[in-house]
Amino acid sequence: MDPQVSNGSGLQDERITDLLVFGFLQNCSNCNFHKELKVLGHELPVPAFLPDGHDDELQTDGNRSSHVVQQGLRTDSESQEEIIQNIARQLAQIGDTMECTIPTTLVNRLAAEFMNGNLSEEDRRRCLAAALDQLMQTFPKDMEMEKAKLLLTLLLAKKVADHMPSLLQGVFRTTVNFINQNLLTYVRNLFRNEMD
């Protein structure tokens, strides 16, 4: 997986966004992409939140899985990951209540655009932005705008992956890049507020 972020966000920012999007997808109810999500969790360049009972598998290169933290090494990084997971869980719970507001025709169109192999990553981000703009016309007015944008972006990713599980990796990467380019300050603030 080639992390490309053109806005100068650092590794820490991309790591937070990777974990947030992954955690959101992992905590969503009623999804058809469990197998693809498990594969994605193993391919992420950072530890992902794998279900309890995940064992320390021996990889084909003879090394142990890099997704398991060595025993006894409880670090700030691990507690930060727990904070991100809590944020993702809260967003997924809110998303589960809003999911029915996403029009099926919009999801189908976005999935078809993501299936187009001729589209660049930038074109995919534009398609996601256009779908988000359409949804923002009807977002809950009692929710702050950045939170609504983040939540609807995550819901679009979930709905497209649910519609076509084979698109999960591409949708995940585009969503992470989109958030890093458009909502990074809000995500940083969410994270900082939870740390306090």
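Since every read-out is calculated from the coordinates, none of them should be taken as a lab result. Bear in mind the structure is a predicted one, so any value in this text is a computation, not a measurement. Because the Cβ atoms are built from the backbone with ideal geometry, glycine has one as well, and the counts that use them run over all protein chains shown.
What's the extension gain from Tyr186 to Ala129 if we count 0.36 nm per residue and subtract their Cα-Cα distance?
On the way: separation 57, 0.36 × 57 = 20.52 nm, distance 1.66 nm.
Going from the current span to full extension adds 18.9 nm.
Give, in nm to one decimal, the length gained when the segment between Asn118 and Lys141 is fully stretched (0.36 nm per residue of separation minus the Cα-Cα distance).
Details: separation 23, 0.36 × 23 = 8.28 nm, distance 3.68 nm.
Taking Asn118 through Lys141 to full extension adds about 4.6 nm, to one decimal.
Scan region 138-187 for trypsin sites (Lys or Arg not before Pro) in coil per DSSP, keeping those whose Cβ has at most 15 other Cβ atoms within 10 Å, and list them by number. Intermediate results must be reported in sequence, preceding the final value.
Values: sites: Lys141, Lys147, Lys149, Lys158, Lys159, Arg173; in loops: Lys141.
Sparse-neighbourhood loop trypsin sites (Lys or Arg not before Pro): Lys141.
Just to check I understand the Karplus step: with θ = phi - 60° and J = 6.51 cos²θ - 1.76 cosθ + 1.60, what whole-Hz values come out for region 154-161, glycine and proline as x?
Rounded to whole hertz, the list is 5, 5, 4, 4, 4, 5, 5, 5.
What FRET efficiency, computed as 1/(1 + (r/R0)^6) with R0 = 30 Å and r the Cβ-Cβ distance, is obtained for Ser166 and Asp96, rounded to the nearest 0.05?
Details: r = 23 Å, r/R0 = 0.77.
The computed FRET efficiency comes out at 0.80.
Between beta-carbons, use under 11 Å as the cut-off and find the net charge around Asp133, counting Lys and Arg +1, Asp and Glu -1.
Values: positive: Arg126, Lys149; negative: none.
Here the count lands on +2.
With the crude spin-label approximation of a point 7 Å out along Cα→Cβ, what separation in nm comes out for Asn193 versus Glu78?
Each label point is offset 7 Å from its Cα along the Cβ direction, giving 2.8 nm.
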